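The values are calculated or read from the model by the stated rules, or taken from the named source; none is laboratory data. Predicted model only: the values in this text are computed from it and were never measured. Ideal geometry is used to build each Cβ from the backbone, glycine not excepted, and the neighbour counts take in all protein chains shown.
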Amino acid sequence: NAGVMQNPRHLVRRRGQEARLRCSPMKGHSHVYWYRQLPEEGLKFMVYLQKENIIDESGMPKERFSAEFPKEGPSILRIQQVVRGDSAAYFCASSPAGLAGGPTGELFFGEGSRLTVL
Amino acid sequence: AQSVTQLDSQVPVFEEAPVELRCNYSSSVSVYLFWYVQYPNQGLQLLLKYLSGSTLVKGINGFEAEFNKSQTSFHLRKPSVHISDTAEYFCAVSDRRTGGGNKLTFGTGTQLKVEL
């Protein structure tokens, strides 16, 4: 029973390049969340997606960041024109749909993708 | 909006001693409460959660936490720690009302360091 899979685990980019982080949720999970963890800080919510829909993107920076969760394939967090301040660990989490069609109260996290911007 | 405060950034403790990691939250609505553990260079693993029912919640690895609504606290405890418990511990809350999402608000974490 595979957990949440994230790749790459480590990514190095130069300033101005693009970073793409991928997340495959646990089998049977239809809700995906992205969080960012800056050094010495807790996790900060970025975006919540269901298949083909962005439900809540209140934590996403207004520019350069985008996320998608297509009908087929993994969820992707895309960062364009990266800057040094984007260096962080990006965690994906997933949850199953609850009885009412919404999540059940528990998130399952992947091991994270660590982005380093030179 | 919710916020979570973990006042202790680091807690050193000797092996086999008891430990308490403090968590206080602020919210204008009812919340779900969680404790997650993060080992170095790994993702977060759920230790325990409070959704409803008994305010004393037991989790994995011998940890437990008690929800205190009047004090808006959810402190994590273990009666006897082991070296392998050395890790970062995060308290988190989510809005109970939200039927369409479990956006978690995390505290800044407490680094538990168990020494021999």
Subset of segment A:77-99 [without any contact (Cβ under 8 Å) to a residue 60 or more places away in the chain and buried (at least 16 other Cβ atoms within 10 Å of the Cβ)]:
A:77, A:87, A:88, A:89
Any residue at all in segment A:1-21 that is of a type in the set (Lys, Arg), at pLDDT below 90 and farther than 24 Å from residue B:109 by Cα?
no
So residue B:57 ticks every box in (1) crowded, with 16+ Cβ neighbours inside 10 Å; (2) within 12 Å of chain A (Cβ to nearest Cβ); (3) free of Cβ contacts under 8 Å to residues at least 60 places away in the same chain but one. Which box is left unticked?
(2)
Residue A:38 versus (1) surrounded by fewer than 16 Cβ atoms within 10 Å (Cβ to Cβ); (2) more than 28 Å from residue B:1 (Cβ to Cβ); (3) of a type in the set (A, V, I, L, M, F, W, C); (4) within 14 Å of chain B (Cβ to nearest Cβ): which is the lone unmet condition?
(2)
Matching residues in segment B:64-99 - criterion: being under 25 Å from residue B:12 (Cβ atoms) and within 11 Å of another protein chain (Cβ to nearest Cβ):
B:88, B:89, B:90, B:91, B:92
Go through (1) touching a Lys or Arg at 6+ places or on another chain (Cβ under 6 Å); (2) within 13 Å of chain B (Cβ to nearest Cβ); (3) closer than 17 Å to residue A:7 by Cα for residue A:23 and report which single condition fails.
(1)
Residues to consider are B:37, B:31; find the one that is among the hydrophobic types (A, V, I, L, M, F, W, C), within 14 Å of chain A (Cβ to nearest Cβ), farther than 30 Å from residue A:7 by Cα and surrounded by 16 or more Cβ atoms within 10 Å (Cβ to Cβ).
B:31
Taking segment A:1-60 and keeping residues under 19 Å from residue B:92 (Cα atoms) and of a type in the set (S, T, N, Q) leaves A:37, A:58
